[in-house]
Amino acid sequence: MEVELQDIRLSLGGQPLFNGLSYTFPAASKTLLYGPSGSGKSTLLRLLLGFVPPDSGCILIDGQLLGVDTVWALRKRTAYVPQGVHLGEGKVADFLEDLFSYQANKHLAPDREAINAYFQQFQLPENTLSKAISQLSGGERQRVAIIAALLLDRELYLLDEATAALDEALQEEVTQHFAGLEGKTVIAVAHQTAAPGFDALDIRTILSGDG
């Protein structure tokens with residue numbers, strides 16, 4: 001999935017954030033967006049999801065204009081892992097069951113073997129499924145969200161500080177996994193580039209924070 005930004009301009013709270021931002025993420029590319037705090041990294045991902053409309057300019061996804069008539073169809077092709085992961089209430093198994101109960105996801109409902117394979121890869125015990133979400137640590141919630149995104153098997157992955165709560169070994173494992181996804185476009189954002197596994201991504205500093 002190709003993502004193209006064309007002359008994006010956006011101000012928030014009266015302050016310019018993007019002033020003519022243009023950039024193309026080629027299909028199947030793996031990119032780490034790096035920029036200082038306040039440069040708009042998280043906002044850019046929200047723009048790509050249609051949560052924040054630009055003041056001017058346009059976003060094209062596979063040549064299709066992102067707008068009110070297309071946003072829902074394009075979101076069905078996208079998986080998003082935000083900074084603050086919220087998995088709801090109940091048990092982890094309930095969260096995954098609810099996620100794959102939606103009509104758009106039913107055909108992707110994973111079996112226990114597929115879930116356990118990801119749990120093992122990202123160092124979560126099998127009994128995590130039966131745990132209450134409220135009992136999970138920040139790193140465990142982050143890994144459950146990452147696993148859910150991978151099970152959705154989307155064409156575009158937007159990762160907002162998705163490994164921030166993980167130790168170095170897990171950061172590298174997760175990042176290397178996304179870097180190796182064939183045919184998938186991955187756009188990750190981070191506050192720093194000197195983190196485990198990020199060298200597997202094409203590092204781009206396209207956000208300067210100066211408007």
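No value in this document is a laboratory result; all are computed from the given coordinates. Predicted model only: the values in this text are computed from it and were never measured. When we count neighbours, we look across all protein chains shown, and the Cβ atoms used for this are built from the backbone with ideal geometry, even at glycine.
So the values come out like this:
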{"quantity": "Relative contact order of the chain, pairs being alpha-carbon contacts under 8 Å that are 6 or more residues apart, as %", "calculated": "33"}
{"quantity": "Exposed chymotrypsin sites (Phe, Trp or Tyr not before Pro) absent: longest stretch of the chain, with sites in DSSP loops and at most 13 other Cβ within 10 Å deemed exposed", "calculated": "103-211"}
{"quantity": "Long-range lysine pairs (8 or more apart or interchain), the chain, Cα under 27 Å", "calculated": "12"}
{"quantity": "Length-normalised contact order of segment 1-108 in % [C-alpha pairs under 8 Å, at least 6 apart]", "calculated": "25"}
{"quantity": "Leu17 long-range amide H proximity, modeled H, under 5 Å", "calculated": "Leu10, Ser11, Leu12"}
{"quantity": "Over the chain: helical MRE at 222 nm, DSSP H runs n ≥ 4 each giving -39500 (n - 2.57), nearest 500", "calculated": "-8000 deg cm²/dmol"}
{"quantity": "Amide H partners (placed H, <5 Å) of Ser29, local residues excluded", "calculated": "Val186"}
{"quantity": "Between 0 and 90°, nearest 10: helix 112-121 axis offset from the chain longest Cα axis", "calculated": "70"}
{"quantity": "Global geometry of segment 75-178, whether rounded, prolate or oblate, following the gyration tensor of its Cα atoms and the 1.5 cut on a/c", "calculated": "rounded"}
{"quantity": "Top positive-direction residue, dipole computed over segment 3-204 with Cβ charges, set Leu44, Pro26, Leu10", "calculated": "Leu10"}
{"quantity": "Per-pair calculated FRET efficiency, R0 = 30 Å: Ser37 and Asp111 via Cβ, rounded to 0.05", "calculated": "0.15"}
{"quantity": "Reciprocal of mean inverse Cα separation for segment 3-204 (Kirkwood radius, Å)", "calculated": "17.7"}
{"quantity": "Length released on extending from Gln6 to Gln103, taking residue separation times 0.36 nm less the Cα-Cα span", "calculated": "31.6 nm"}
{"quantity": "Cα-centred dipole magnitude for the chain, charges only on beta-carbon of K, R (+1) and D, E (-1), debye, nearest 20", "calculated": "340"}
{"quantity": "Simple spin-label estimate for Glu182 and Ser137 in nanometres, 7 Å along Cα-Cβ", "calculated": "3.5"}
